[in-house]
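Step one of this worksheet: look at the structure below.
The values are calculated or read from the model by the stated rules, or taken from the named source; none is laboratory data. Source: prediction; values computed, not measured. All Cβ positions, even for glycine, are placed from backbone atoms using ideal geometry, and neighbour counts span all protein chains on display. Note: areas computed on protein heavy atoms with side chains; ligands, DNA, RNA excluded. Shrake-Rupley method; radii C 1.70, N 1.55, O 1.52, S 1.80 Å.
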Amino acid sequence: MTDQVQEPIRPLWLLAEVTYSCPLQCPYCSNPLKLGDRKEELETDEWLRVLAEARKLGAAQLGLSGGEPLLRKDLEIIIKEARRLGYYTNLLTSGIGMNEARIASLKAAGLDHIQVSFQADDPDLNNKLAGSDSFTQKSQVAKLVKSYGYPMVLNIVMHRHNLDRISEILDMALDLGADYVELANAQYYGWALVNRDFLLPTREQLKKAEAIAHQYQSRYNDRMKIYFVVPDYFEGRPKPCMNGWGRVFLSVSPNGTALPCHAAADLPGLQLPNVREHSIDWIWKESQGFNRFRGEMWMQEPCSSCDERSTCFGGCRCQAYLLTGDTEATDPACSLSPQHHVIQDAIQHSVNLKVIPQPVMRNKRNARNY
């Protein structure tokens with residue numbers, strides 16, 4: 001139901017997950033645990049139709065993601081059409097597969113923005129976390145991004161194994177000439193939930209790292225913008241996931257499944273439409289999947305009477321389901337949730353661990369048909 005959604009809503013942000021293929025094996029990967037068959041990926045003309053329909057509906061920002069989007073040989077065609085349609089285009093990449101010829105080709109196609117991910121500042125740690133010898137390539141790509149006139153945007157997922165190196169990570173970003181750095185602490189669903197015991201930091205680790213990030217913000221604000229994103233587990237309130245279900249965000253997976261958030265395929269009872277069978281207009285306005293948690297009628301207590309429900313939207317539906325088994329439950333990341341103890345128990349468990357388990361890597365053995 002959509003009764004409480006008063007203002008016109010439209011998909012301002014389109015995330016095109018053009019492939020789940022990836023040369024990295026990150027243990028916090030946000031891709032689904034079951035990825036499907038690569039042969040089912042949308043063809044070029046199908047992506048171009050999705051772009052046109054979403055743009056007509058109001059989408060203005062286009063994220064090109066994966067997996068590793070550089071593995072798509074038609075990426076420049078998609079970007080060129082997106083530029084013609086009026087999108088602002090953002091490539092989210094590991095950097096693997098980028099060289100000077102490719103970045104020149106992307107620039108000529110009209111790409112607006114490139115975000116490069118690192119796992120750590122230390123080459124050995126970076127490569128261990130990525131499951132790939134990738135650090136040198138990433139460093140070279142970061143320099144290419146700068147030399148081709150793009151703002152250099154670095155993203156580092158933070159967790160137990162790199163939070164203590166936050167000073168070194170920020171020094172690396174300064175040395176590379178980064179303009180923006182997002183220190184995005186892992187959020188625990190998908191592969192990150194599978195590997196929570198490996199990834200979850202202690203509260204003391206997080207507090208110390210955040211203080212150091214604030215020191216660098218004060219010292220280098222004129223050179224580099226630093227964003228430190230605290231994980232839901234430690235904030236007492238969940239983030240407004242995707243700014244509310246079906247309000248501004250639309251994701252399309254490699255096989256054409258349309259999602260209100262990129263992890264929504266985990267939710268039972270959700271009828272997720274496919275762009276091969278329905279228009280973006282119908283998907284956004286009429287489909288059960290996009291209307292299921294739109295508005296407030298689905299909310300249980302304490303969300304349904306909470307003064308904050310219009311800002312947090314009940315938190316993350318995927319996180320709530322994965323931790324409680326109930327898609328309508330108040331996100332346990334909220335301190336008002338009757339199941340907040342699930343989060344607190346997980347944090348305490350991470351403190352009590354005597355031996356940190358080895359991670360389950362997102363690799364070919366675990367990622368079916370990839």
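Among Glu235, Glu301, which is surrounded by fewer than 19 Cβ atoms within 10 Å (Cβ to Cβ) and closer than 30 Å to Lys208 by Cα? Working first, answer last.
Numbers: Glu301 fails: closer than 30 Å to Lys208 by Cα.
Just a single option satisfies the conditions, and that option is Glu235.
Quick one: in region 341-353, of everything that is touching a residue at least 40 places away in the same chain (Cβ under 8 Å) and open to solvent by 60 Å² or more (accessible area, probe 1.4 Å), which residue is farthest from Pro201 (Cα to Cα)?
Of the residues in region 341-353, the ones touching a residue at least 40 places away in the same chain (Cβ under 8 Å) are 343, 346-347, 349-351, 353.
Those left that are additionally open to solvent by 60 Å² or more (accessible area, probe 1.4 Å): 349, 351.
Numbers: His349: 10, Val351: 8 Å.
Only one residue fits best here, namely His349.
Hey, can you tell me all the residues within region 229-250 that are touching a Lys or Arg at 6+ places or on another chain (Cβ under 8 Å) and part of a loop (DSSP other than H, G, I, E, B)? Spell out the reasoning first.
The first filter runs over region 229-250 and keeps only residues touching a Lys or Arg at 6+ places or on another chain (Cβ under 8 Å), leaving 232, 234, 241, 244-248.
Once the filter is applied, which keeps residues that are touching a Lys or Arg at 6+ places or on another chain (Cβ under 8 Å) and part of a loop (DSSP other than H, G, I, E, B), region 229-250 yields Gly244, Trp245, Gly246, Arg247, Val248.
Can you find, within region 72-92, the residue that is most open to solvent (accessible area, probe 1.4 Å) among those that are out of contact with any helix residue (DSSP H, G or I) (no Cβ under 6 Å at 6 or more places or on another chain) and of a type outside the set (A, V, I, L, M, F, W, C)?
Ranking the candidates gives Lys73 first.
Looking at (1) open to solvent by 10 Å² or more (accessible area, probe 1.4 Å); (2) touching a residue at least 40 places away in the same chain (Cβ under 8 Å), which one does Val50 not meet, given that it meets all the others?
For Val50, the exception is condition (1).
Search region 144-157 for residues that are within 25 Å of Ala209 (Cβ to Cβ) and pair each with any residue that is of a type in the set (Asp, Glu) and surrounded by 17 or more Cβ atoms within 10 Å (Cβ to Cβ) when their beta-carbon atoms are under 9 Å apart and the residues are at least 6 apart or on different chains.
From residues that are within 25 Å of Ala209 (Cβ to Cβ), the pairs are Val153/Glu182; Leu154/Glu182; Asn155/Glu182; Ile156/Asp121; Ile156/Glu182.
State all residues of region 282-292 that are within 12 Å of Gln271 (Cα to Cα) and open to solvent by less than 20 Å² (accessible area, probe 1.4 Å); if no residue qualifies, say none. Outline the logic, then answer.
Quick first cut of region 282-292, residues within 12 Å of Gln271 (Cα to Cα) only: 283, 286-292.
Correct list: Ile283, Ser287, Gly289, Phe290.
Take the conditions farther than 30 Å from Phe198 by Cα and out of contact with any strand residue (DSSP E or B) (no Cβ under 8 Å at 6 or more places or on another chain) and apply them to Ala101. Does it pass?
Numbers: farther than 30 Å from Phe198 by Cα: yes; out of contact with any strand residue (DSSP E or B) (no Cβ under 8 Å at 6 or more places or on another chain): yes.
Against the criterion (farther than 30 Å from Phe198 by Cα and out of contact with any strand residue (DSSP E or B) (no Cβ under 8 Å at 6 or more places or on another chain)), Ala101 qualifies.
Taking region 171-203 as the region of interest, how many residues are outside any helix (DSSP H, G or I) and surrounded by 19 or more Cβ atoms within 10 Å (Cβ to Cβ)? Step through it out loud before you land on a result.
Initially, region 171-203 is screened for residues outside any helix (DSSP H, G or I), giving 177-190, 195, 200-202.
So of that shortlist, the ones also surrounded by 19 or more Cβ atoms within 10 Å (Cβ to Cβ) come out as 178, 181, 183, 185-190, 195, 200-201.
Residues flagged as outside any helix (DSSP H, G or I) and surrounded by 19 or more Cβ atoms within 10 Å (Cβ to Cβ) within region 171-203 amount to 12.
Of all residues being open to solvent by 40 Å² or more (accessible area, probe 1.4 Å) and assigned to a strand (DSSP E or B) in region 213-228, which is nearest to Asp345 (Cα to Cα)? Just the residue, please. Give the steps one after another, and end with the answer.
If we filter region 213-228 for residues that are open to solvent by 40 Å² or more (accessible area, probe 1.4 Å), which is where we start, we get 214-215, 217-223, 225, 227.
Subsequent filtering for residues that are assigned to a strand (DSSP E or B) retains 225, 227.
Details: Lys225: 34, Tyr227: 28 Å.
Checking each candidate, the answer is Tyr227.
Restricting the first residue to region 273-290 and requiring it to be within 23 Å of Glu43 (Cβ to Cβ) and in a loop (DSSP other than H, G, I, E, B), which pairs with a second residue that is open to solvent by 10 Å² or more (accessible area, probe 1.4 Å) and of a type in the set (Ser, Thr, Tyr) meet a Cβ separation below 9 Å and a spacing of at least six or different chains?
Listed by first residue and then by second, the contacts come to Pro273/Thr257; Val275/Thr257.
Report yes if some residue within region 333-340 is assigned to a loop (DSSP other than H, G, I, E, B), in contact with a Ser or Thr (Cβ under 9 Å, 6 or more places away or on another chain), closer than 30 Å to Ala130 by Cα and open to solvent by less than 10 Å² (accessible area, probe 1.4 Å); otherwise report no. Outline the logic, then answer.
Of region 333-340, the ones assigned to a loop (DSSP other than H, G, I, E, B) are 333-340.
From what is left, the residues that are in contact with a Ser or Thr (Cβ under 9 Å, 6 or more places away or on another chain) are 336-340.
With closer than 30 Å to Ala130 by Cα added as a condition, the list becomes none.
The answer is no, given that none of the residues of region 333-340 is assigned to a loop (DSSP other than H, G, I, E, B), in contact with a Ser or Thr (Cβ under 9 Å, 6 or more places away or on another chain), closer than 30 Å to Ala130 by Cα and open to solvent by less than 10 Å² (accessible area, probe 1.4 Å).
Would you be able to say whether some residue in region 18-25 is modelled with pLDDT of 95 or more and within 30 Å of Gly295 (Cα to Cα)?
Yes, region 18-25 contains a residue that is modelled with pLDDT of 95 or more and within 30 Å of Gly295 (Cα to Cα).
I need the full set of residues from region 104-139 which are of a type in the set (S, T, N, Q) and in contact (Cβ under 8 Å) with a residue 40 or more places away in the chain, in order please. Talk me through it step by step, then tell me what you get.
As a first pass, look at region 104-139 and keep what is of a type in the set (S, T, N, Q): 105, 115, 117, 119, 126-127, 132, 134, 136-137, 139.
Correct list: Gln115, Ser117, Gln119, Ser132, Ser134, Gln137.
Ser279 - would you say it is open to solvent by 30 Å² or more (accessible area, probe 1.4 Å), of a type in the set (Gly, Ala, Ser), more than 24 Å from Val18 (Cβ to Cβ) and at pLDDT 95 or above? I'd like the intermediate steps shown before the answer.
Working: open to solvent by 30 Å² or more (accessible area, probe 1.4 Å): yes; of a type in the set (Gly, Ala, Ser): yes; more than 24 Å from Val18 (Cβ to Cβ): no; at pLDDT 95 or above: yes.
So Ser279 does not fit the description; no.
Which one of Pro260, Pro254 is surrounded by 19 or more Cβ atoms within 10 Å (Cβ to Cβ) and touching an Asp or Glu at 6+ places or on another chain (Cβ under 6 Å)?
On the way: Pro260 fails: touching an Asp or Glu at 6+ places or on another chain (Cβ under 6 Å).
After applying the criteria, what remains is Pro254.
Step by step: first the residues of region 7-37, then only those that are in contact (Cβ under 8 Å) with a residue 12 or more places away in the chain and more than 30 Å from Met158 (Cβ to Cβ), then the one that is most open to solvent (accessible area, probe 1.4 Å). Which residue is that? Step through it out loud before you land on a result.
So the first thing to find is which residues in region 7-37 are in contact (Cβ under 8 Å) with a residue 12 or more places away in the chain, and the list is 9-37.
The next check asks that each one be more than 30 Å from Met158 (Cβ to Cβ); those that pass are 9-10, 37.
Values: Ile9: 49, Arg10: 120, Asp37: 42 Å².
Among those residues, the one meeting the criterion is Arg10.
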